[in-house]
Amino acid sequence: MRVLLYAALCLLAAPFAASAHDYEHNAIYLSHPWIVEPPPGAPTAAGYLMITNDGEDGDQLVSVTADFAERTEIHSMIMTDDGIMQMRPHDGPLVVPAGGDVLLEPGGLHIMFMGLRESLKDGDNHAVVLEFETAGEVVVEFTVQKRDGAMDMSHGDDS
């Protein structure tokens with residue numbers, strides 16, 4: 001009887017665990033990791049999340065990897081001298097100050113997944129490895145979500 005009750009509780013809790021969007025790793029908190037669903041056949045996709053450092057010392061996001069992409073980069077949006085927004089790879093590691101936040105969002109800093117090895121569809125979850133200089137490695141599930149009017153983050157095929 002206990003086994004059946006435990007199994008029922010696990011089944012009831014599974015949807016809540018699968019939809020969790022917050023992660024804690026040492027002093028680093030990662031909130032709502034998501035990827036914009038790319039158009040079919042697109043070679044790239046963009047990912048977003050909030051990184052919070054509750055530690056007394058700054059940290060740096062030094063790498064991002066994902067099995068579903070050939071390579072990943074942190075990108076930023078910049079305004080050119082002629083008033084045109086362009087996306088460029090972020091120069092160096094991403095600094096996360098002590099007691100501070102870094103928001104990766106449409107129109108700002110974001111993770112580019114390039115050379116997609118599989119289709120990314122609304123509702124799917126994909127593991128992404130974030131490597132911090134001090135906090136170390138953390139595996140985070142990014143949820144694919146429909147664009148819903150989000151800014152177009154396509155970069156073309158950079159491979």
- request: Could you check how many residues of the range 122-135 are more than 30 Å from Gly55 (Cβ to Cβ) and in contact with a strand residue (DSSP E or B) (Cβ under 6 Å, 6 or more places away or on another chain)?
  value: 2
message: Suppose the filter is basic (Lys, Arg), surrounded by fewer than 14 Cβ atoms within 10 Å (Cβ to Cβ) and modelled with pLDDT under 95; does Lys121 pass it?
response: no
message: Among the listed residues Phe113, Phe132, identify the single one that is aromatic (Phe, Trp, Tyr), modelled with pLDDT of 95 or more and over 18 Å from Thr44 (Cβ atoms).
response: Phe132
message: Looking only at residues that are charged (D, E, K, R) and modelled with pLDDT of 95 or more in the range 57-99, which one is nearest to Phe132 (Cα to Cα)?
response: Asp59
Selection count, the range 51-109, where residues are among the aliphatic types (A, V, I, L, M), surrounded by 13 or more Cβ atoms within 10 Å (Cβ to Cβ), out of contact with any His (no Cβ under 6 Å at 6 or more places or on another chain) and more than 21 Å from Leu120 (Cα to Cα): 9
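The values are calculated or read from the model by the stated rules, or taken from the named source; none is laboratory data. What you are looking at is a predicted structure, and each value in this text was computed from that prediction instead of being measured. Reconstructed Cβ throughout: ideal geometry from the backbone, glycine too, with neighbour counts over all protein chains shown.
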